[in-house]
Amino acid sequence: MSDPLSSGSMSKDLYFVAVKLFLRDGDKLLITHDVWDAWDLVGGRLRREDFATPLEQVVKRKVTEELGEKVQYKLGRPIVFFRHERKEAGLDGQLVRIFAVGYEAEYLSGDIKLWQHHDKMEWVDVATFKPENYFEGGWLKGVQEYLKIAKSK
């Protein structure tokens, strides 16, 4: 007898969950570039031990890891929810799916010190930024959705 939840329209999928920041300094949005040659937003996936941790605390950990301890920001609300699919270098190229919660955030102060997995960053102008020149897949769709919201405010 087959399992009705594993076939056809009832089949379930597995996702990693990530928190991402649309970190703004006025009209500028921070994007980062990683050592695997992909553009990204600040933030990342939840760890197993993050299951009961408030997402805002996960964001704080990710900001500290990726931008340094001196960066101060004001966290806003979740503004965009998006999904991304990619081959994961740390899992021997296995295809993974990521569901991301994108938060608004305002950069307040502090020197940014990129962590070892990022090799550069850019502050891009929200009004003129062309995300298709940087992002792909679900990350591109999420940034495009964010820009549409940001430009309408």
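Overview of results
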quantity: Hits among lysines - C-alpha to C-alpha of residue 28 under 25 Å, sequence gap 8 or more where chains match; calculated: 20, 60, 62, 70, 74, 113, 120, 130, 141, 148, 151, 153
quantity: P(r) tail fraction, the chain - alpha-carbon pairs more than 24 Å apart, %; calculated: 34 percent
quantity: Helix 55-67 axis, angle to the chain major axis (alpha carbon atoms, nearest 10°); calculated: 60 degrees
quantity: Long-range amide H partners of residue 15 with built H, under 5 Å; calculated: none
quantity: 3J(HN,Hα) from dihedral phi, the range 121-126, Karplus parametrisation 6.51/-1.76/1.60, rounded to Hz, x for glycine, proline; calculated: 8, 9, 9, 9, 6, 4
quantity: Ranking of 32, 128 by count of other Cβ atoms within 10 Å, fewest first; calculated: 128, 32
quantity: Proxy reagent accessibility, fewest Cβ within 10 Å first, across 117, 33; calculated: 117, 33
quantity: For residue 44, distant residues with modelled amide H under 5 Å away; calculated: 19
quantity: On Cα atoms only, tilt of 137-152 relative to the major axis of the chain in degrees; calculated: 50 degrees
quantity: Farthest positive-ward along the chain dipole, Cα basis, beta-carbon charges - from 54, 124, 99; calculated: 54
quantity: Rg/Rh for the range 60-115, where both radii come from Cα atoms and Rh is the Kirkwood radius; calculated: 1.08
quantity: Cleavage-rule hits, trypsin sites (Lys or Arg not before Pro), the range 44-80, DSSP coil, Cβ neighbours within 10 Å at most 12; calculated: 47, 70
quantity: Qualifying GluC sites (Glu not before Pro) in the range 110-153, DSSP loop, other Cβ atoms within 10 Å at most 14; calculated: 136
quantity: Dipole moment magnitude, nearest 20 debye, the range 1-122 about Cα centre, only Lys, Arg, Asp, Glu C-beta charged; calculated: 280 debye
quantity: With eigenvalues of the C-alpha gyration tensor scaled by 5 and rooted, the range 4-90, Å; calculated: 28, 16, 14
quantity: Space enclosed by the convex hull of the alpha-carbon atoms of the range 91-153, per residue, Å³; calculated: 142 Å³
quantity: Choice from 58, 35, 19 showing the highest fluctuation, given a GNM over the chain with Cα pairs closer than 10 Å; calculated: 35
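FYI, it's all coordinate maths here, none of it is from the lab. Quantities reported herein were computed from a predicted structural model and do not represent experimental measurements. Cβ: placed from backbone, ideal geometry, glycine included. Neighbour counts: every protein chain shown.
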